[in-house]
1. Taking region 95-109 on its own, how many of its residues are within 7 Å of the ligand (Cβ to nearest atom) and of a type in the set (Phe, Trp, Tyr)?
2. Could you tell me whether Glu88 is exposed (fewer than 14 other Cβ atoms within 10 Å of the Cβ), out of contact with any Lys or Arg (no Cβ under 7 Å at 6 or more places or on another chain) and at pLDDT 95 or above?
3. Restricting to region 177-203, give me the number of residues that are in contact with a Ser or Thr (Cβ under 9 Å, 6 or more places away or on another chain), of a type in the set (A, V, I, L, M, F, W, C) and open to solvent by 40 Å² or more (accessible area, probe 1.4 Å).
4. Please go through region 14-58 and pick out each residue that is in contact (Cβ under 8 Å) with a residue 24 or more places away in the chain, surrounded by fewer than 20 Cβ atoms within 10 Å (Cβ to Cβ) and in a loop (DSSP other than H, G, I, E, B).
5. With the requirement that a residue be closer than 24 Å to Glu111 by Cβ, in contact with a helix residue (DSSP H, G or I) (Cβ under 6 Å, 6 or more places away or on another chain) and more than 10 Å from the ligand (Cβ to nearest atom), what does region 41-63 give you?
6. Are any of the residues in region 71-79 in a helix (DSSP H, G or I) and open to solvent by 50 Å² or more (accessible area, probe 1.4 Å)?
7. Working carefully through the options Glu167, Glu174, Glu206, Glu154, find the one that is within 15 Å of the ligand (Cβ to nearest atom), modelled with pLDDT of 95 or more and open to solvent by 40 Å² or more (accessible area, probe 1.4 Å).
8. Does at least one position in region 5-13 carry a residue that is of a type outside the set (Lys, Arg), under 19 Å from the mean Cα position of the chain (by Cα), open to solvent by 10 Å² or more (accessible area, probe 1.4 Å) and at pLDDT below 95?
Amino acid sequence: MTRGLFITFEGTEGVGKSTAIRGASDWLTQQGVAHRVTREPGGTPMAEEIREVLLRSREEPVDPTCELLLMFSARAQHLARVIRPALEAGEWVLCDRFTDATYAYQGGGRELDSAPVAQLESLVQGETLRPDAVLWLDAPVETGMARVAGRGGEPDRFEHERVRFFERVRQVYEARAGNPANRYRRIDAEVTADEVADAVRKTMEELHREWTSLQ
Ligand code: TMP
């Protein structure tokens, strides 16, 4: 059986990842492609507990290395329990964020060196498990932040960060998108929701065509 495709969705806050993933999942369902939708940090009961620890706003300043290790702890559990078994069973996996978010948020946002991120990536994922495609929804930071503010509700620990933090996050995504080995597909997220949905569907069609030709 051919392994399923591993597709991740990335971007700064408020770019419309959830809607994009829903659209991608609906399209795969229409094509009869077995898949599962999951997210990081999280995706298993234990990893969701780690997510809660990571996102909760707190008075105690969080050491960036502590944050980095918790991201990869959750990821190890998620890979072992959900992602690897699904891919090996031939299912596609649509994941709301993955290791590119660690390079962008802990590397860019928190200004950690990328070398320990790369070391942990090798430790937790080995040398072969990488996304087959990273759908990067890209929009100016202010546009996304205004959308998040418009949603209401309590901001989580990351949403408390300032524009400069998210500018650094976006710059890392941009730099990573420039390297073909990272398999980025940039989707302009500054246009209307319908246009974003069309672009996502088109990208899914391309990926599906390539995957089918390998069967
Ligand atoms: P979400 O709001 O898209 O569900 O993601 C939760 C937050 O976690 C988001 O602000 C980005 C952050 N995050 C990291 O900082 N590093 C990571 O590796 C991942 C997966 C998420």
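The values are calculated or read from the model by the stated rules, or taken from the named source; none is laboratory data. This structure is a prediction, so every number in the text was calculated from the model and none was measured. Cβ placement follows ideal geometry from the backbone for every residue including glycine, while neighbour counts extend to all protein chains displayed. Heavy atoms of the whole protein, side chains included, go into the accessibility calculation; ligands, DNA and RNA do not. Shrake-Rupley method; radii C 1.70, N 1.55, O 1.52, S 1.80 Å.
1. Qualifying residue count for the region: 2.
2. No; evaluated as a whole, the condition is false for this residue.
3. Counting residues in region 177-203 that are in contact with a Ser or Thr (Cβ under 9 Å, 6 or more places away or on another chain), of a type in the set (A, V, I, L, M, F, W, C) and open to solvent by 40 Å² or more (accessible area, probe 1.4 Å) gives 2.
4. Residues satisfying the conditions are Val33, Ala34, Thr44, Arg56, Ser57, Arg58.
5. Ile50
6. Scanning region 71-79 turns up at least one residue that is in a helix (DSSP H, G or I) and open to solvent by 50 Å² or more (accessible area, probe 1.4 Å).
7. Glu167
8. Within region 5-13, one or more residues are of a type outside the set (Lys, Arg), under 19 Å from the mean Cα position of the chain (by Cα), open to solvent by 10 Å² or more (accessible area, probe 1.4 Å) and at pLDDT below 95.
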